[in-house]
Amino acid sequence: MYNFSYQKVSSVADAVEAMQKSEDGKFVAGGQTMLPTMKHRLASPSDLIDLAGVGELVGISVDEETVTIGAMTSHAAVAASSEVQDAIPALAKLAGNIGDPAVRNRGTIGGSIANNDPAADYPAAVIALGATVTTNKRDIPGDEFFIGMFETALAEDEVIVSVSFPKAGTAAYMKFENPASRYAIVGVFLVKFIDGVRVGVTGATACAHRGMRLEEALNGSFTADAIDSVELPIEKMNADIHASAEYRAHLVKVMTKRAVEACA
């Protein structure tokens, strides 16, 4: 690693102030991505501003319409929450299959979506459920949050405070995972609302996106067979040592079919 200044803050206001005073600071939540990136010398921030001590960012609350999760709430806490399990079972299941126990106990929902790894799980849920990302400055619709690979709508001194998910009992997340890391080679989060279907896809392209073609087919007929006729843009799919673009396009349809069957 390069030399850097470490700052542990106790409030969102202190975190923002520390960031504004730093030359090239970075917020760190669970550190599951930031620290390995620094160890490999792919990043060299002047300051690391640790959010782990900010109590206001931890917790889960539920009202009649939404489940709100604090940004520093761990994956393990989301998976174990009886409130999340009752309101959005698919979200609890998603959280319980991120990485391994060490990652789940250290990693956070805010850190995951702020990092916006192309193969992360939570972004698919944020998009499919039509979640709202609340920061210290504003509310950002989930559909507008993820912009590109490792890129989001967040400003440099903007801190995620919480994520609010509309309740959805009829939902499913299906993932074809890397057997070592459990990252999604392709993951599909499907939600069946009263007024229609929403689909969030991760792992397939540069960042998580809404599967409009899949939604159109399923709104016409909510059956697995309806996916057969969908043509996906292979040229936009990721291709790497784990899967070709053609295989990822195939997996998107397979995972969507499995999600439909799970909802049914």
Inset, instruction - First select every other residue whose beta carbon is under 10 angstrom from the beta carbon of N136; then total the charges, Lys and Arg +1, Asp and Glu -1. - result: 0
Inset, instruction - Step through the residues of the stretch 52-58 one at a time and calculate ³J(HN,Hα) from phi using the Karplus curve (6.51 cos²θ - 1.76 cosθ + 1.60, θ = phi - 60°), rounding each to whole Hz and writing x for Gly and Pro. - result: 4, x, 8, x, 5, 9, 10
Legend entry - the stretch 5-50, relative contact order [Cα under 8 Å, separation at least 6], %: 56 percent
Legend entry - Ascending count of other beta-carbon atoms within 10 Å, so fewest first, for F193, F4: F193, F4
Inset, instruction - Could you pull out every residue, at least 5 positions away or on a different chain, whose amide H is within less than 5 Å of the one on T152? Hs are placed 1.01 Å off N in the peptide plane, and Pro or chain starts have none. - result: I147
Legend entry - Under 5 Å, built H, 5+ apart or other chain: amide partners of A204: G187
Legend entry - Rg/Rg_globular for the stretch 145-208, with Rg_globular taken as 2.2 N^0.38 Å and Rg from C-alpha atoms: 1.33
Inset, instruction - Only helical DSSP H runs with n ≥ 4 go in: add -39500 (n - 2.57) per run for the chain, normalise by residue count and round the 222 nm mean residue ellipticity to 500 deg cm²/dmol. - result: -9000 deg cm²/dmol
Legend entry - Relative packing of 16-27, 249-260, which averages over residues the other C-beta atoms within 10 Å, highest first: 249-260, 16-27
Legend entry - Hull shadow area, averaged, the stretch 108-264 [alpha-carbon convex hull, nm²]: 9.1 nm²
Legend entry - Exposure proxy ranking, count of Cβ atoms within 10 Å, fewest first, for I147, I49, I241: I241, I147, I49
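Report the full-extension gain for the segment D143 to I234: residue separation times 0.36 nm, less the Cα-Cα distance, to one decimal in nm. Show your work: numbers first, answer last.
Numbers: separation 91, 0.36 × 91 = 32.76 nm, distance 2.18 nm.
Extra length available between D143 and I234 comes to 30.6 nm.
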Legend entry - Qualifying GluC sites (Glu not before Pro) for the stretch 48-108 [loop in DSSP, other Cβ within 10 Å: at most 14]: E64, E65
Legend entry - Cα long-axis angle, helix 12-21 against the chain (0 to 90 degrees, to the nearest 10): 70 degrees
Legend entry - Relative contact order (%) - the chain, alpha-carbon pairs under 8 angstrom, separation at least six: 15 percent
Legend entry - Rounded Å value of the spacing that divides the Cα centres of the stretch 174-198 and the stretch 146-161: 22 Å
Inset, instruction - Neighbouring Cβ atoms within 10 Å as the yardstick, rank L35, L154, L218 fewest first. - result: L35, L154, L218
Legend entry - Estimated Rh, the chain: Kirkwood, alpha-carbon pairs, angstrom: 18.7 Å
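FYI, it's all coordinate maths here, none of it is from the lab. Small disclaimer: the values here were computed from a predicted structure and weren't measured. Glycine gets a Cβ as well: all are built from the backbone with ideal geometry, and neighbour counts include every protein chain shown.
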